[in-house]
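The values are calculated or read from the model by the stated rules, or taken from the named source; none is laboratory data. Just so it is clear, the model here is predicted, and its values are computed rather than measured. Please note: Cβ atoms are built from the backbone with ideal geometry, for glycine as well, and neighbour counts cover all protein chains shown. Surface accessibility is based on the protein's heavy atoms, side chains included, excluding ligands, DNA and RNA. Shrake-Rupley method; radii C 1.70, N 1.55, O 1.52, S 1.80 Å.
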Amino acid sequence: MLIFRFLLFYLLSSVAIAAAHANDAVAPQTGEKPKPAATAEPGITFDWVHVDGPYVAMTFDDGPSAKLTPKLLDLLAAHHIKATFFLIGQNVAENPDIVAREVREGHEIANHSWSHPNLAKMSDAGVRDQLHKTEDAIRSASGNRLTLLRPPYGSITARQKKWINQEFGYKIVLWDVDPLDWRRPGSNVVCNRIIKMARAGSIILAHDIHPGTIEAMPCVLSQLEAKGFKFVTVSELIAMHTPLPPKPSPSPKSIPPKSTSPSPTPHN
């Protein structure tokens, strides 16, 4: 009887241990970090471009303005500079002749939505309508096919970036230099901020609907030229992209070799 009880106890213990191991195999580790969320595909979004050379892209949002954009175009022509204009569809519909001039003079034009909403807070159907209407207005004014989108406020989700890129073929363009000219701090402040922040590969944000911004541009263009910068469109800047050099591996700390000579004898 004693042997029978021992065998029964041994059998029950083995079953319990096996079940515990099975549970451990499927239960998550309590200290395990969750996997990071999938990011947008590389090559879709640009706020700065690594380039070999002192190239920058001047960009202007929210136009065209019937009063201010022609003044800006005159200035750009005087400097032989090509810029990129992110256009509001409603303004395009009101000023198609200015859009045609931008294209005729070699500038790049791109989509900035129809009415400047926050795309990240909209349905896919609403975003699609904003982009299609603007694209149709720009194509009617210029005949150009668009390849770039700048979301108003820079607000867009990773999921939106992906489906917009797949459906429209747009690259998403943000910026790395923002003088906050929409706050109208004055032309000198706008100029100084841009000059201070600009670097090779910068995408510089400005707005051709504010008088102070247009007044700042002679200073901006002249000083950037004096510093050796060259101006290209955003698409040209992206085409110049070169891979970032790999980060150097940290070298092990060198340990000085031990001396094999005898220690000096202390003198009294």
Quiz item: For TRP175, what is the net charge nearby, where nearby means another residue's Cβ is under 13 Å from its Cβ and Lys, Arg count +1, Asp, Glu -1?
Solution: -2
Practice problem: List, in the order given, every pair from LYS71/LYS133; LYS121/LYS162; LYS71/LYS227; LYS121/LYS161 whose Cα-Cα distance in the structure shown is over 19 Å. | Solution: LYS71/LYS133; LYS71/LYS227
Quiz prompt | Accessible surface, 1.4 Å probe, highest first, among residues LEU75, LEU146 | solution = LEU75, LEU146
Quiz item: When only DSSP loop residues count, what trypsin sites (Lys or Arg not before Pro) in region 128-224 have their Cβ near at most 14 other Cβ atoms within 10 Å?
Solution: ARG145, ARG199
Quiz item: How much solvent-accessible surface does ASP74 expose, in Å² to the nearest 10, with a 1.4 Å probe and all protein chains in place?
Solution: 90 Å²
Self-check item: Global form of region 137-232, assessed from the alpha-carbon gyration tensor, a/c cut-off 1.5
Solution: prolate
Exercise. Might you work out the accessible area of LYS82 for me, using a 1.4 Å probe with all protein chains in place, and round it to the nearest 10 Å²?
Key: 80 Å²
Quiz prompt | Exposure of TRP175 as accessible area (Å², to 10), given a probe of 1.4 Å and all protein chains | solution = 60 Å²
